[in-house]
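> So that we are looking at the same thing, I have put the structure below in structure tokens.
The values are calculated or read from the model by the stated rules, or taken from the named source; none is laboratory data. Note that the structure is predicted; figures quoted are calculated from it, not measured. Neighbour counts run over all protein chains shown; Cβ positions are idealised from the backbone, glycine included.
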């Protein structure tokens, strides 16, 4: 069974700082890896999807990388803003029928 | 493009009562998922539909949970009777293709509190 771990569980940074969130997974036979954002009391919003054949994806100030061989993905956020405060989750599907989520990293960007 | 719609957003019931949640996926999305998210945890898949057929319900507590997706569009998730440990947010998601090869789109969720 796939296990997805996210470290740290919580992170506080001052506004403007660059930061990295980490995601590790035990089964490297993944279809893709997805990063989501979840605001309090809300559903999940897809941020980036990296296919298993790709190494990274970029969207605005976000850059996600994937290293299947080491079972790791990182989400890099440049020039953080208070509006980036949320919980960030990664998810990695292996078989056809399940998407395993990490427990998330709760990010607080301090103005 | 309209997103995934869910209702109700909030529900408070007493244990042993029943509750139903509704989900309308993005138009044209063949695959629909129900997830349970307990506070502080990542979402856990309960059931996955491909059109109106069940693909995976291995983690659905079938003694009290049921779900259906009639006509391959809307879906309902029912809990009867509810237990205290069912307190969670129930998230519906949909995707265009089969399996998890594409992007998932989530609804806002239905928060259930069982007293």
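> From A:18, A:22, grab the single residue that is more than 28 Å from residue B:110 (Cβ to Cβ) and more than 10 Å from the chain's Cα centre (by Cα).
On inspection, the qualifying residue turns out to be A:18.
So that you can scan it fast, the table gives a plain yes or no per residue for (1) surrounded by fewer than 20 Cβ atoms within 10 Å (Cβ to Cβ); (2) touching a residue at least 40 places away in the same chain (Cβ under 8 Å):
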{"site": "A:20", "(1), (2)": "yes, yes"}
{"site": "A:36", "(1), (2)": "no, yes"}
{"site": "A:62", "(1), (2)": "yes, no"}
{"site": "A:110", "(1), (2)": "yes, yes"}
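> A further question on this structure: Within the stretch B:37-53, which residues are surrounded by 14 or more Cβ atoms within 10 Å (Cβ to Cβ) and either within 13 Å of the chain's Cα centre (by Cα) or facing chain A (nearest Cβ under 8 Å) (or both)?
B:37, B:42, B:43, B:44, B:45, B:46, B:47, B:48, B:49
> For the list (1) under 30 Å from residue A:8 (Cβ atoms); (2) modelled with pLDDT of 95 or more, I need the number of the one condition that residue B:42 fails.
Checking residue B:42 against (1) under 30 Å from residue A:8 (Cβ atoms); (2) modelled with pLDDT of 95 or more, the one that fails is (2).
> Is it the case, given these coordinates, that residue B:62 is loosely packed, with under 15 Cβ neighbours inside 10 Å and either at pLDDT 95 or above or farther than 21 Å from residue A:101 by Cβ (or both)?
Spelling it out, residue B:62 is indeed loosely packed, with under 15 Cβ neighbours inside 10 Å and either at pLDDT 95 or above or farther than 21 Å from residue A:101 by Cβ (or both).
> A further question on this structure: Please go through the stretch A:1-52 and give me each residue that is at pLDDT 90 or above and either part of a loop (DSSP other than H, G, I, E, B) or on the phi > 0 side of the Ramachandran plot (or both), ordered by number.
Matches in the stretch A:1-52: A:8, A:9, A:15, A:16, A:17, A:18, A:26, A:39.
> Here's a check for you: in the stretch B:81-110, which residue that is modelled with pLDDT of 95 or more and surrounded by fewer than 17 Cβ atoms within 10 Å (Cβ to Cβ) is farthest from the other protein chains (Cβ to nearest Cβ)?
Ranking the candidates gives B:81 first.
> Sort out for me the strands (runs of 3 or more DSSP E) sitting completely within the stretch B:23-92 that have 1 or more residues that are out of contact with any strand residue (DSSP E or B) (no Cβ under 7 Å at 6 or more places or on another chain) and farther than 22 Å from residue A:90 by Cβ.
B:53-56
> Then there's this: For the stretch A:64-79, which positions are surrounded by 20 or more Cβ atoms within 10 Å (Cβ to Cβ) and more than 27 Å from residue A:1 (Cβ to Cβ)?
Selection gives A:77 alone.
> Now a separate question. Of the numbered conditions (1) touching a strand residue (DSSP E or B) at 6+ places or on another chain (Cβ under 8 Å); (2) surrounded by fewer than 14 Cβ atoms within 10 Å (Cβ to Cβ); (3) without any contact (Cβ under 8 Å) to a residue 24 or more places away in the chain, residue A:50 fails exactly one; give the number of that condition.
(2)
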